[in-house]
Amino acid sequence: MIYSVKTDPGLVRPNNEDSACIVENKSGDLFLMVLDGMGGHCRGDAASHLAMEIISEKMLNTDKFLSYSSMKATLLKTIKKANKEVNLLGSSKLEYLDMGTTLCLVAIRKDKTLLCNVGDSRCYILINGQLCQVSEDQTYVQFLYKTGKIKKEEMDTHPKRHVLMNALGTYPSLSVATTEITNAYDAILLCSDGLYNMLSDQEIEDVLNIETLSTSDKIDLLISRANKKGGKDNIAIVLMEDR
């Protein structure tokens, strides 16, 4: 497995509030994370960094999980601890009021992969050259679409398309969506909306299928193409390939 990670401020936002990292413990378990902070004036930056530090430190310092279920339980407990810490900071200091962050996290063990999702950062997998979105956006327009209130083609232009239904740190308690993924994919990609709002799934798929590019170069090309289309938001990408 080869993996790489990068964030970019884009061309419009004054600050980069996205965070991303890859953590590997002594047992070889991998933890990939993308977080998209919100709140403005660096509050989103504080939220995404604090949550990432709490989760990554716990996963790095846990040498071995006895089972997949114990890893899942520890991970969910740690994510909820991060939520409480971010919420506490946001509630105790005026400059951090209402801050929060998305979280898209993948935990990869030898037997299976676990996706934990909060908000609208995304997880994709590539199988036989085909890109597939595994995570589900926790947004108001996704809710409207699932309940039949709007059509799929209306989602990209809806006036409330950026409204989140869930975020880490905005409330004292947190709901985390989990999905189990079989380890049959050729690549796994995590990204913030700064990428997928600029590039279509087909455009992302095309880059991932360029065999002559390294994993790191693919991330650079994705960011470059997103910025050429306007770079309207911060961009965070984690890419892991089986090569």
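Taking 25 °C and 0.890 mPa s as the conditions, I'd like the Stokes-Einstein D for the range 1-82 in µm²/s, using the Kirkwood hydrodynamic radius from alpha carbon pairs.
Working: Rh = 13.8 Å.
It diffuses with D of about 177 µm²/s by this estimate.
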Item checked: Cα gyration tensor category, rounded, prolate or oblate, for the range 134-182 with a/c compared to 1.5 -> oblate
Margin query: If each residue of separation counts as 0.36 nm, what is the full-extension length gain between Thr147 and Ser216 once their alpha-carbon separation is subtracted?
Written below: 20.9 nm
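Relative contact order for the range 31-158: what percent, with Cα pairs under 8 Å and sequence separation of 6 or more?
Working: 167 pairs, mean separation 30.6, N = 128.
Relative contact order for the range 31-158 comes out at 24 percent.
Could you compute how fast the range 157-225 diffuses translationally, taking Rh as the Kirkwood radius over C-alpha pairs and applying Stokes-Einstein at 25 °C with viscosity 0.890 mPa s? Give it in µm² per second. Display every interim value, and only then the final one.
Details: Rh = 15.1 Å.
Estimated diffusion coefficient is 163 µm²/s.
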Next item on the list: Please identify, among Val34, Val141, Val106, the residue showing maximal mean-square fluctuation in a Gaussian network model of the chain using a 10 angstrom Cα cutoff.
Entry: Val141
Next item on the list: Given the options Gly148, Gly28, Gly169, state which has the largest fluctuation in a GNM of the chain using a 10 Å cut-off (strictly under) for Cα springs.
Entry: Gly148
Check: Tell me, what is the percent relative contact order of the chain, built from C-alpha pairs under 8 Å that lie six or more residues apart?
Finding: 28
Note to self: Classify the chain from the C-alpha gyration tensor, please: rounded if a/c falls under 1.5, else prolate or oblate depending on whether a/b exceeds b/c.
What the structure shows: rounded
Notebook entry, point to check: Which whole-number percentage describes the relative contact order of the range 147-243, with Cα contacts under 8 Å and a sequence gap of 6 or more?
Noted result: 36
Notebook entry, point to check: Pairs Lys81/Lys232; Lys151/Lys218; Lys72/Lys229; Lys58/Lys112; Lys6/Lys26: which exceed 27 Å Cα-Cα?
Noted result: Lys81/Lys232; Lys151/Lys218; Lys72/Lys229
Checklist line | Value of D in µm² per second that Stokes-Einstein yields for the range 104-243, Kirkwood Rh from Cα pairs, at 10 °C (1.306 mPa s) | finding: 99
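Since every read-out is calculated from the coordinates, none of them should be taken as a lab result. Everything quoted here is computed from the prediction, not taken from an experiment.
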